[in-house]
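To keep things clear, I will list the structure first and then write my remarks on it.
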Amino acid sequence: MTELETLPAQTSSQDDAGPGTVGKALGVLEAIAEAEGPLRFGDLLKAQPYPKATLHRLLKSLIRNGMVAYDERRQTYHLGLRLIRLASGAWARSTLAEAARGTLDALSAEIGETLHLAMLDAGQVLYVDKRTSERSVAMFSSTGKVGPAYCTGLGKAMLAFLPPEEIDKAIARQAFHRFTEKTYTTPAALKAELARIRARGFAFDREEHEARIICVAVPVLSERGRVLGGLSATSTTYLSSLRKLESYAPRLTEAARAIAAEAAVRMLPGT
C-alpha cells in the first residue's frame with residue numbers, strides 16, 4: 001500500500017478551499033521543483049506549513065493534473081510531464097533565449113569568451129542561456145539558475161536601467177550577503193554603483209560574487225527603454241582582465257540591440 005492510499009482521501013475542507021488553494025499548490029510545486037532530487041511525503045511535510053491531510057489533497061490535485069508525478073515503488077514525488085511540456089513551451093516563447101540564439105552563437109565565435117544571457121526575476125538574475133568558451137572554468141551560473149543581482153555584472157546592468165521607482169523596489173529585495181571582500185553590502189553603495197553604470201552604459205563584476213570571476217555586462221533594452229534582460233562576457237583573473245573585458249563592451253551593446261530587435265519581432269513581453 002502506498003502513502004497516497006494510506007492517507008485520508010478527503011475531497012474538500014476549509015484548509016484547501018477558496019482563493020488560497022492555488023498559492024498553496026504552487027508552494028508545494030515549487031518545493032518539488034527546487035529539490036535536488038525526488039522528495040518523499042515526509043520531506044514535503046517537514047518543509048511545508050500545512051497539515052498532513054491538506055498536503056495530501058494538494059499533492060493528489062497536482063498529480064491528477066499532471067503537474068507532479070508519483071513513483072509508487074520509491075514513494076517519491078517529482079515534476080510531472082505536463083508541467084515540463086508547459087514550462088518548455090513557455091520558456092521558448094517568453095524568454096530571450098530563442099530570440100538571442102543566433103546572436104549568441106555569432107558573438108561566442110567572434111570573441112571566444114563565456115557569454116551569459118539573463119532576465120530579472122523578482123529582483124534577482126535568472127540565467128536563460130549560456131555559451132561556454134574553450135577555456136571555461138567552473139562558476140556559479142547555469143541556464144535556469146537564479147543568482148543575486150546586487151553583486152553580479154548582469155544583475156547590476158539590468159538594475160541600473162530600471163525606472164527609479166523600480167530600482168528602489170529591486171534594491172529592497174537584495175540580501176546584501178558578503179560573498180567576497182569586494183561585494184557591495186549596503187543599498188547606498190549599490191545605488192551609487194548603479195548610477196555610474198547608467199552613465200557609462202555597462203557594468204563590471206569585480207569578483208563581487210565569486211573570487212577570480214570577472215565580467216562586463218550590458219542591458220538588453222527595448223525601443224521604449226524597458227529592460228528585457230542582460231548580456232555579459234565572463235572570464236577569470238587568471239585568463240583575462242577587466243580592461244580586456246571592457247574592450248568587448250561596444251560589441252556586447254551591438255549584440256544586445258540585435259537581441260532586442262529580434263525580441264520585438266517575436267513580440268516578447270516588454271518589447
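The values are calculated or read from the model by the stated rules, or taken from the named source; none is laboratory data. Predicted model, so just to flag it, every value in this text is computed and none were measured. Positions of Cβ are generated from backbone atoms using ideal geometry, with glycine treated the same way; all protein chains shown enter the neighbour counts.
Numbers below:
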item	result
Residue pairs meeting the criteria (Cβ under 9 Å; at least 6 apart or on separate chains; first in the same structural domain as Leu126 (by TED's automatic domain parsing), in segment 229-252; second among the basic types (Lys, Arg) and part of a strand (DSSP E or B))	Leu242/Arg206
Any pair with Cβ under 6 angstrom, 6 or more apart, that starts in segment 56-80 at a residue that is farther than 15 Å from Ala33 by Cβ and ends at one that is among the charged types (D, E, K, R) and crowded, with 20+ Cβ neighbours inside 10 Å	Arg57/Asp16
Residues located in segment 178-192, provided they are in a helix (DSSP H, G or I) and either buried (at least 18 other Cβ atoms within 10 Å of the Cβ) or free of Cβ contacts under 8 Å to residues at least 24 places away in the same chain (or both)	Pro187, Ala188, Ala189, Leu190, Ala192
Verdict on Arg131 being loosely packed, with under 13 Cβ neighbours inside 10 Å, over 15 Å from Gly229 (Cα atoms) and modelled with pLDDT under 95	no
Residue in segment 231-257 that is nearest to Thr132 (Cα to Cα), counting only those that are of a type in the set (A, V, I, L, M) and surrounded by fewer than 17 Cβ atoms within 10 Å (Cβ to Cβ)	Leu239
Options Gly144, Gly155; residue that is surrounded by 19 or more Cβ atoms within 10 Å (Cβ to Cβ) and either modelled with pLDDT under 90 or outside any loop (DSSP other than H, G, I, E, B) (or both)	Gly155
Residue match in segment 204-215 (condition: over 26 Å from Leu96 (Cα atoms), touching a residue at least 24 places away in the same chain (Cβ under 8 Å), among the hydrophobic types (A, V, I, L, M, F, W, C) and part of a loop (DSSP other than H, G, I, E, B))	yes
Residue in segment 215-223 that is hydroxyl-bearing (Ser, Thr, Tyr) and at pLDDT below 95 present	yes
Hits in segment 115-127 (condition: surrounded by fewer than 24 Cβ atoms within 10 Å (Cβ to Cβ) and either over 22 Å from Ala175 (Cα atoms) or acidic (Asp, Glu) (or both))	Asp121
Residue within segment 144-158 that is without any contact (Cβ under 8 Å) to a residue 24 or more places away in the chain and closer than 22 Å to Arg257 by Cα present	no
